[in-house]
Amino acid sequence: MRAVRFVGAGRPAQIADVAKPAPGPGEVLIKIGGAGVCHSDLHVMEEGLGFTGTFTLGHENAGWVAQVGAGLTGFKEGDAVAVYGPWGCGHCHACQLSMENYCENWAALGAFGGGLGLDGGMAEYMLVPFARLLVPLGDLSPAKAAPLSDAALTPYHAIKRALPQLNAESIVVVMGVGGLGHMAIQLLRALAPVRIVAADVDEKKLEQAKALGADETVNNRNSDEAEERIRTITGPRGAGLVLDCVGVQPTIDLGARLLGRNCVWMIVGLGGGHHDFHHGSTPYCCSVSIPYWGSRVELMEVIAMARGGRIHAEITEFPLEQAVEVYDKLKAGQIKGRAVLVPNGC
Ligand SMILES: [Zn+2]
Ligand SMILES: [Zn+2]
């Protein structure tokens with residue numbers, strides 16, 4: 001079968017033929033309906049992030065159960081499922097809490113999950129080692145559901161942690177209206193009574209932000225002008241939550257200048273920006289966090305919200321063979337919402 005492979009740091013993805021896996025005892029084979037093309041794959045390919053071997057990319061996956069291994073119960077052939085992305089040890093305290101994203105044994109496991117060290121979903125089929133990593137989709141289409149497992153789950157996990165700090169007077173600034181940001185706006189709209197300011201450097205993405213529920217949009221190509229604009233919206237109170245889905249130096253610097261007292265600063269983008277944190281570098285009682293991905297239970301919640309029509313991923317489908325071009329488009333900022341590879345036909 002065809003697969004999109006990570007072949008080493010500093011090298012673009014390669015499309016290659018690999019053997020179709022067969023599920024062993026307790027494992028599940030998934031026929032992929034959609035694999036989201038995530039910006040973090042670009043970091044994997046550029047910097048390696050510690051991965052040494054080769055593997056199939058794709059950590060945002062959904063599809064249909066194709067074959068179940070011996071002894072596996074609860075799923076049958078044809079069931080539509082999303083694949084929970086961070087694969088922990090399954091038995092440490094974090095994993096017991098369903099937060100495999102914070103597994104205590106990751107160093108020993110040597111991989112973060114399918115598509116991040118192990119074979120992922122940018123292929124016709126994907127092997128999932130445990131049924132606990134599957135969440136039923138019901139009648140949700142796998143191609144539309146795939147981005148929920150990261151592009152929606154990651155901001156959901158961050159927003160949930162900030163909710164106790166947010167009230168009807170709060171202004172939330174969402175930096176970056178890409179895969180994560182376009183879901184973050186919808187999640188905030190559904191979950192909190194806040195006003196949402198979306199910031200991006202691309203006017204088309206700002207239009208999309210507005211359509212998805214942002215109250216205000218600000219182009220932050222010029223940081224000083226953006227700061228002034230956003231300050232007129234927040235007033236002296238400042239932002240109650242800055243959710244940075246980009247994390248590059250300009251968004252980190254701008255975010256730091258927008259924070260209010262007793263606020264939350266969530267940085268989920270992997271852009272490599274730096275902040276010198278010390279007394280006085282942020283307002284009093286401001287919490288700074290770098291949440292990572294989300295829990296399996298939170299994925300169930302995100303899927304429930306999508307099934308109820310409260311959020312949706314705006315996707316563009318591409319055949320698997322176009323993966324390398326799609327990564328180039330993503331890098332150039334030309335993907336609106338989320339690009340999804342559909343290896344088994346659009
Ligand atoms: Zn991702
Ligand atoms: Zn664990």
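The values are calculated or read from the model by the stated rules, or taken from the named source; none is laboratory data. Keep in mind it's a predicted model, so treat the numbers as computed, not measured. Every residue, glycine among them, receives a Cβ derived from its backbone with ideal geometry; neighbour counts consider all protein chains shown. Just so you know, the surface numbers come from the protein's heavy atoms only, side chains and all, with ligands and any DNA or RNA stripped out. Shrake-Rupley method; radii C 1.70, N 1.55, O 1.52, S 1.80 Å.
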Exercise. Got at least one residue in the stretch 120-129 being among the acidic types (Asp, Glu), more than 16 Å from ligand 2 (Cβ to nearest atom) and surrounded by fewer than 23 Cβ atoms within 10 Å (Cβ to Cβ)?
Worked result: yes
Problem set entry | Those residues of the stretch 25-53 which are within 14 Å of ligand 1 (Cβ to nearest atom) and hydroxyl-bearing (Ser, Thr, Tyr), in sequence order | Ser40
Exercise. For the subset of the stretch 157-181 comprising residues that are within 24 Å of Val342 (Cβ to Cβ) and either part of a helix (DSSP H, G or I) or not small (Gly, Ala, Ser) (or both), which member is nearest to the chain's Cα centre (by Cα)?
Worked result: Leu180
For this session: Kindly establish whether Asn101 is among the polar types (S, T, N, Q), more than 19 Å from the chain's Cα centre (by Cα), under 27 Å from Trp265 (Cα atoms) and modelled with pLDDT of 95 or more.
Result: no
Exercise. What are the residues in the stretch 85-122 that are under 19 Å from Asn61 (Cβ atoms) and assigned to a helix (DSSP H, G or I), if any?
Worked result: Glu100, Asn101, Leu109
Exercise. Quick check: is even one residue across the stretch 58-72 outside any strand (DSSP E or B), under 21 Å from the mean Cα position of the chain (by Cα), under 27 Å from Ala313 (Cβ atoms) and hydrophobic (A, V, I, L, M, F, W, C)?
Worked result: no
Problem set entry | Looking only at the stretch 288-301, and only at residues there that are part of a loop (DSSP other than H, G, I, E, B) and of a type in the set (A, V, I, L, M, F, W, C), the one that is most open to solvent (accessible area, probe 1.4 Å) | Ile290
For this session: Out of the residues in the stretch 148-164 that are of a type outside the set (Ser, Thr, Tyr), within 13 Å of ligand 1 (Cβ to nearest atom) and buried (at least 24 other Cβ atoms within 10 Å of the Cβ), state the one that is farthest from Ile303 (Cα to Cα).
Result: Pro155
Problem set entry | Which listed residue, of Glu104, Glu100, Glu77, is open to solvent by 50 Å² or more (accessible area, probe 1.4 Å) and within 29 Å of Glu47 (Cα to Cα) | Glu104
Exercise. If we keep just the residues of the stretch 1-42 that are among the acidic types (Asp, Glu) and under 22 Å from Phe318 (Cα atoms), which is least open to solvent (accessible area, probe 1.4 Å)?
Worked result: Asp41
For this session: Could you please find all residues in the stretch 45-95 being in contact (Cβ under 8 Å) with a residue 40 or more places away in the chain and within 16 Å of ligand 2 (Cβ to nearest atom)?
Result: Tyr84, Gly85, Pro86, Trp87, Gly90
Problem set entry | Spans of strands (runs of 3 or more DSSP E) in the stretch 206-287 with at least 3 residues closer than 20 Å to Thr154 by Cβ and open to solvent by less than 40 Å² (accessible area, probe 1.4 Å) | 239-244, 259-267
